[in-house]
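**Q** Take a look at the following structure, please.
Since every read-out is calculated from the coordinates, none of them should be taken as a lab result. Fair warning: this is a prediction, and the values are worked out from it, not measured in the lab. Here the Cβ is made from the backbone with ideal geometry for all residues, glycine too, and neighbour counts use every protein chain on show.
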Ligand SMILES: Nc1ncnc2c1ncn2[C@@H]1O[C@H](COP(=O)(O)OP(=O)(O)OP(=O)(O)O)[C@@H](O)[C@H]1O
Ligand SMILES: [Mg+2]
């Protein structure tokens, strides 16, 4: 048997696009990685299949259609095979359209962008492990999966550098394609980095608490705060005095008059943060309060809306009037120590969840940016942290991009302070284009909607132009990782979290003591 049988022969087309002919039964997959071997130079050109079509040498127009018709008629008569195709290997074939990703120099050490053509009719073969060795140094210290060639996994670990958390990570996929699983794998990898990186993970569905709690490093590296009382969690408490009108503006949709009412009320009460929400007039007193205290400047129905939302916030279990019970400081401490901080806000409404996320994100950004500006040495010691937000399109849409909203600010300025945003969304098309272009790492899992794919294509740091069909056909857990480190969008299969746990070594202190040496005891 030939060690590496050829998969085809190259016949076209240009420097960036390769086409090769393969046997009629050659099983070729979208996204499959193949190598064109250029014998004269010893270079190995790496190709990715972007489409597969039928080809025939018959020059007669409509020949293939007629053959199919004849066979169909045979089938109908129950005489399948009466008209066999002679020499099918020569008369029919498959054509794979590929993008050239680049080439490996003859010494196998360097990978270069495509700038030349391999010799025509070069042999196309399956890649060998050494073909990907150049990628190894670019996969960073947060492993998330294995290299994927079409549907097959290659024994090569794919990941991202932890430092790239600061330049923002986007996780995009249609529902059920594996966003949450990827987030768990990423959070698990952060935990095992022993304090080098921190994550603030706001979990609206309460889906991460039990899952991340199973991680062998969770005892040391995971801290969970919950808006409900749950076992093994700290209680999430925020004080009104720490929340700001900007948090309110980020979390809720306000009309112009309602926003003006907020500022007017803030001025009127003159208390710290949103403490005034607790002392806001009762609903029965609103008309009088408006006429007497506010001089009739605000419409009553506007005041009523603000009042209704204020009551909702004040009545939340996680909101306290006493500033001493706030967990803001503790969350910051955990992040400074490089922990994964899980804030389980399940049970809160979507808007209140954003309120909590907005407040905590503002605290982190303030702390890290103050250190950067006032005490660079301290800033150097701070870990890179990222704020993880599900359904991120809620706060990153173009209509949400205002001075008051901390998330666009984080996307624009966070990198230099070592604070990143990890945005998870099913609808990248709803995220503001300019903000999306701030994201240096994209994890693109299966995305059914063409508009979503197009928007990612235009903001990705790697060329995704021919990858539409592949992205559309990705199975759960299959993805493309586009960042600045790798020279092309790297196809990967994300580890299944529970499988990854099975091979994660526990932290040294938690390892069980070695079993006593029986022989020594007998002595
Ligand atoms: N890497 C993977 N390998 C194999 N199967 C996976 C992988 N990731 C996800 N799946 C499968 O897909 C299912 C859905 O995954 P997950 O909950 O992570 O999707 P999601 O994108 O977060 O969905 P939603 O939009 O509903 O939040 C999982 O239960 C699992 O069966
Ligand atoms: Mg999910």
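**Q** Just to confirm my numbers, what's the Cα centroid distance between region 1-74 and region 196-231 in Å?
**A** Between the Cα centres of region 1-74 and region 196-231 lies a distance of 49 Å.
**Q** Of all the Cα-Cα pairs you can form in the chain, what percent are over 33 Å apart?
**A** In whole percent, the long-distance tail amounts to 52.
**Q** Can you tell me which of 287-295, 118-126, 157-165 comes out highest on packing, and rank the rest after it, using the mean Cβ neighbours within 10 Å?
**A** 157-165, 118-126, 287-295
**Q** Take the Cα of residue 152, step 7 Å along the line toward its Cβ, and report every residue of region 118-146 whose backbone nitrogen sits under 12 Å from that point.
**A** 125-129
**Q** Sticking with this structure for a sec: Calculate the radius of gyration of the Cα atoms of region 197-323 to one decimal place, then report Dmax, the largest Cα-Cα distance, as a whole number, both in Å.
**A** Cα only, region 197-323: 18.5, 61 Å (Rg, Dmax).
**Q** Let me ask you something else. Helix 406-417 sits at what angle to the longest principal axis of the chain, using alpha carbons and giving 0 to 90 degrees rounded to 10?
**A** 70
**Q** Please give the helix 256-269 orientation as an angle from the longest Cα principal axis of the chain, in degrees from 0 to 90, rounded to the nearest 10.
**A** For helix 256-269, the angle is close to 40 degrees.
**Q** Report the label-to-label distance for residue 279 and residue 412 in nanometres (one decimal), using points 7 Å from each Cα along the Cα→Cβ vector.
**A** Distance between the two pseudo-spin positions: 3.5 nm.
**Q** When a/c reaches 1.5 or more, the comparison of a/b and b/c decides; with that in mind, is region 384-447 rounded, prolate or oblate per its Cα gyration tensor?
**A** Cα axes put region 384-447 in the oblate bin.
**Q** Output the peptides 478-485, 338-345, 67-74 sorted from most to least packed, where packing is the average of other Cβ atoms within 10 Å over each peptide's residues.
**A** 338-345, 478-485, 67-74
**Q** Cα centroid distance between region 349-392 and region 159-181, in Å?
**A** First find each Cα centre; the distance between them is then 18 Å.
**Q** On to the next question. With an 8 Å cut-off on Cα pairs and a minimum separation of 6 or more residues, tell me the relative contact order of the chain in percent.
**A** Answer for the chain is 18 percent.
**Q** Okay, moving on. Taking only C-alpha pairs under 8 Å that are 6+ residues apart, what is the relative contact order of region 6-138 in percent?
**A** 39
**Q** Against the empirical 2.2 N^0.38 Å scaling, what ratio does the C-alpha Rg of region 290-345 come to?
**A** 1.77
**Q** In square nanometres, what is the average projected area of the Cα convex hull of region 10-72?
**A** With the hull built on Cα positions only, its mean projection is 5.9 nm².
**Q** Return a whole-number percent for the relative contact order of region 169-273, with Cα pairs under 8 Å and 6 or more residues apart as the contact set.
**A** Across region 169-273, relative contact order equals 16 percent.
**Q** Now for a different question. Restricting to DSSP H runs of at least four residues, report the calculated mean residue ellipticity at 222 nm for the chain, -39500 (n - 2.57) per run over all residues, nearest 500 deg cm²/dmol.
**A** The helix contribution divided over the chain gives -9500 deg cm²/dmol.
**Q** Now for a different question. Please work out how much length the chain gains when fully extended from residue 317 to residue 15, using 0.36 nm per residue of separation minus the C-alpha to C-alpha distance, in nm with one decimal.
**A** Details: separation 302, 0.36 × 302 = 108.72 nm, distance 6.22 nm.
Taking residue 317 through residue 15 to full extension adds about 102.5 nm, to one decimal.
**Q** Restricting everything to alpha-carbon atoms, can you work out Rg to Rh for region 242-314 with a Kirkwood hydrodynamic radius?
**A** 0.91
**Q** Suppose R0 equals 22 Å. What FRET efficiency, 1/(1 + (r/R0)^6) with r the Cβ-Cβ distance, do residue 83 and residue 54 give to the nearest 0.05?
**A** 0.75
**Q** Taking the 0 to 90 degree range and rounding to the nearest ten, how far is the long axis of helix 350-374 tilted relative to the main principal axis of the chain, both from C-alpha atoms?
**A** With rounding to tens, the tilt is 90 degrees.
**Q** Further, regarding this structure: Between residue 304 and residue 503, what is 0.36 nm times their sequence separation minus the Cα-Cα distance? Round to one decimal in nm.
**A** Here the segment from residue 304 to residue 503 would lengthen by 66.0 nm.
**Q** Next up: As an exercise, take the mean of 1/r over every pair of distinct alpha carbons in region 56-159, invert it, and state the Kirkwood radius in angstroms.
**A** Hydrodynamic radius (Kirkwood, Cα only) of region 56-159 equals 18.4 Å.
**Q** Which percentage, to the nearest 5, of the DSSP beta bridges contained in the chain is antiparallel?
**A** Details: 52 of 86 bridges.
For the chain, the DSSP antiparallel bridge percentage is about 60.
**Q** Assuming R0 = 30 Å, what is the FRET efficiency of residue 26 and residue 137, from their Cβ-Cβ distance, to the nearest 0.05? Kindly include the intermediate steps, with their values, before the conclusion.
**A** Numbers: r = 33 Å, r/R0 = 1.10.
In this case the efficiency is close to 0.35.
**Q** Ranked from highest to lowest mean number of other Cβ atoms within 10 Å per residue, what is the order of the peptides 319-329, 36-46, 372-382, 85-95?
**A** Result, highest mean Cβ count within 10 Å first: 36-46, 319-329, 85-95, 372-382.
**Q** Between residue 402 and residue 67, what is the label-point separation in nm under the 7 Å Cα-to-beta-carbon projection?
**A** For residue 67 paired with residue 402, the spin-label model returns 6.5 nm.
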